[in-house]
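Visitor: Let me begin by handing over the structure; questions about it come next.
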Amino acid sequence: MPMAILGGNDTARCTAGESSGLLSWVIQGIEDAIANHADVISMSLGATVDLSTGDGAGVKAAFDRVTYAATQAGAVLVAAAGNDGYNLANPRYIEIPAQSRGVLAIVASTNPDCMENTGSGAACVPGPPSLAYYSNYGAPLNALAAPGGSYPLGADMAVSGWVRGACSSGLPNTTDGLPTDSAHSFGCFDLGHTPYVQAIGTSASAPLIAGAVALLRSAHPDWDPTKVINALRTTASAPTATLPVPQIDTAKALTQP
């Protein structure tokens, strides 16, 4: 089933930063990761599924099978919880793959150096981290939090509520554009060949957790997925009034014997 139908062709959606695909592609990707002996699988993607329908229940069953197979093969799976601001307390609706079997769901927190403020023209001021306004949430997620950013957006070299990360400079010695010849390559969505960008979303949060998982697996190659996730959970910062989800503390997790 489609994850999103956004109009236009695939190239137009990709270059606009609005790429979509099929859930079957995600399943195939997990299977490929298993075949290649991946230690961590990071998924900044998802869809909300209605379990009261036959299709929804079937999608959940299919994902549960493949994610369980991945954990049994030794991979830790991490997935973004979604950016719709949904309270997923109603068990009829779930986020896939974040709520698939053995997957660690990740919600987005804000920058304490730039407290969330969605008002027009707002400036960064310090404040306690909070659950980002757009992040899905709810006890059934059993999620951990990681920085995903929020407004206000700061200048490139200034304090910002958004998260800075790598995007794509394209292939060397090419210009941005449809790669129909050796002189062109795709860059960073509609931003051209741009090595770093500011962004917000649970899709920014999930890779941070995946990075923490990779560090733990490097430090403790004998740990299985359950032990890695337990280490992240037991060392996470306690929930607060503004951030009611435990937040990852990578440095503390790495002190685990």
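The values are calculated or read from the model by the stated rules, or taken from the named source; none is laboratory data. This one's a predicted model, so the numbers in the text were calculated from it and none came from an experiment. Neighbour counts run over all protein chains shown; Cβ positions are idealised from the backbone, glycine included.
Visitor: Where in the range 27-82 are there strands (runs of 3 or more DSSP E), lying wholly inside it, with at least 3 residues that are modelled with pLDDT of 95 or more, aliphatic (A, V, I, L, M) and within 20 Å of residue 213 (Cα to Cα)? Please lay out each step first, then the result.
Guide: Values: elements: 40-43, 47-50, 76-80.
Once the strands (runs of 3 or more DSSP E) in the range 27-82 are filtered for at least 3 residues that are modelled with pLDDT of 95 or more, aliphatic (A, V, I, L, M) and within 20 Å of residue 213 (Cα to Cα), what remains is 40-43, 76-80.
Visitor: Which condition from (1) surrounded by fewer than 16 Cβ atoms within 10 Å (Cβ to Cβ); (2) more than 23 Å from residue 225 (Cβ to Cβ); (3) among the aliphatic types (A, V, I, L, M) is the one that residue 47 breaks?
Guide: The number of the failed condition is (1).
Visitor: Can I ask one more? Among what's in the range 172-191 and is over 21 Å from the mean Cα position of the chain (by Cα) and among the charged types (D, E, K, R), pick the residue that is surrounded by the fewest Cβ atoms within 10 Å (Cβ to Cβ).
Guide: Filtering the range 172-191 for residues that are over 21 Å from the mean Cα position of the chain (by Cα) and among the charged types (D, E, K, R), the one surrounded by the fewest Cβ atoms within 10 Å (Cβ to Cβ) comes out as 181.
Visitor: Same structure, new question: State whether one or more residues within the range 148-160 are within 16 Å of the chain's Cα centre (by Cα) and hydrophobic (A, V, I, L, M, F, W, C).
Guide: Restricting attention to the range 148-160, the residues satisfying the condition of being within 16 Å of the chain's Cα centre (by Cα) are 148-150.
Cutting the leftovers down to hydrophobic (A, V, I, L, M, F, W, C) gives us none.
No, there is no match, as no residue in the range 148-160 is within 16 Å of the chain's Cα centre (by Cα) and hydrophobic (A, V, I, L, M, F, W, C).
Visitor: Also, I was wondering about something else. Checking residue 160 against (1) assigned to a helix (DSSP H, G or I); (2) among the hydroxyl-bearing types (Ser, Thr, Tyr); (3) more than 30 Å from residue 89 (Cβ to Cβ), only one condition comes out false. Which one?
Guide: (1)
Visitor: Now for a separate question. Taking the range 93-111 as the region of interest, how many residues are over 16 Å from residue 225 (Cα atoms), among the hydroxyl-bearing types (Ser, Thr, Tyr) and assigned to a loop (DSSP other than H, G, I, E, B)?
Guide: Summing the residues that are over 16 Å from residue 225 (Cα atoms), among the hydroxyl-bearing types (Ser, Thr, Tyr) and assigned to a loop (DSSP other than H, G, I, E, B) in the range 93-111 gives 1.
Visitor: Please go through the range 218-257 and pick out each residue that is in contact with a strand residue (DSSP E or B) (Cβ under 9 Å, 6 or more places away or on another chain), under 17 Å from residue 102 (Cα atoms) and of a type in the set (Lys, Arg).
Guide: If the condition is that a residue be in contact with a strand residue (DSSP E or B) (Cβ under 9 Å, 6 or more places away or on another chain), under 17 Å from residue 102 (Cα atoms) and of a type in the set (Lys, Arg), then 233 is the only one that fits.
Visitor: I need every pair where a residue in the range 214-242 that is on the phi < 0 side of the Ramachandran plot and touching a residue at least 60 places away in the same chain (Cβ under 8 Å) has its Cβ under 6 Å from the Cβ of a residue that is among the hydroxyl-bearing types (Ser, Thr, Tyr) and surrounded by 15 or more Cβ atoms within 10 Å (Cβ to Cβ), sequence separation at least 6 or different chains.
Guide: If the second residue must be among the hydroxyl-bearing types (Ser, Thr, Tyr) and surrounded by 15 or more Cβ atoms within 10 Å (Cβ to Cβ), the pairs left are 225/71; 242/130.
Visitor: With 129, 140 as the choices, which residue is assigned to a loop (DSSP other than H, G, I, E, B), within 26 Å of residue 78 (Cα to Cα) and in contact with a Leu (Cβ under 6 Å, 6 or more places away or on another chain)? Can you show your working first?
Guide: Numbers: 140 fails: assigned to a loop (DSSP other than H, G, I, E, B).
After ruling out the rest, the residue left standing is 129.
Visitor: On the given criteria, is residue 183 modelled with pLDDT of 95 or more, among the small types (Gly, Ala, Ser) and within 19 Å of residue 105 (Cβ to Cβ)?
Guide: No.
Visitor: Scanning the range 154-171 for residues that are over 30 Å from residue 41 (Cβ atoms) and in contact (Cβ under 8 Å) with a residue 40 or more places away in the chain, which turns out surrounded by the most Cβ atoms within 10 Å (Cβ to Cβ)?
Guide: Residues of the range 154-171 over 30 Å from residue 41 (Cβ atoms): 154-159.
Filter once more, keeping what is in contact (Cβ under 8 Å) with a residue 40 or more places away in the chain: 154, 156, 159.
Numbers: 154: 18, 156: 9, 159: 14.
Step by step, filter the range 154-171, then rank; the result is 154.
Visitor: Does residue 194 qualify as being surrounded by 13 or more Cβ atoms within 10 Å (Cβ to Cβ), among the hydroxyl-bearing types (Ser, Thr, Tyr) and modelled with pLDDT of 95 or more?
Guide: Details: surrounded by 13 or more Cβ atoms within 10 Å (Cβ to Cβ): yes; among the hydroxyl-bearing types (Ser, Thr, Tyr): yes; modelled with pLDDT of 95 or more: no.
No.
Visitor: Moving on to the next point. Please indicate, with yes or no, whether at least one residue in the range 102-114 is hydroxyl-bearing (Ser, Thr, Tyr), more than 25 Å from residue 27 (Cα to Cα) and surrounded by 24 or more Cβ atoms within 10 Å (Cβ to Cβ).
Guide: Among the residues of the range 102-114, at least one is hydroxyl-bearing (Ser, Thr, Tyr), more than 25 Å from residue 27 (Cα to Cα) and surrounded by 24 or more Cβ atoms within 10 Å (Cβ to Cβ), which makes the answer yes.
Visitor: Given (1) closer than 15 Å to residue 201 by Cα; (2) surrounded by 21 or more Cβ atoms within 10 Å (Cβ to Cβ), where does residue 86 come up short, assuming only one miss?
Guide: (2) is the only condition that residue 86 fails.
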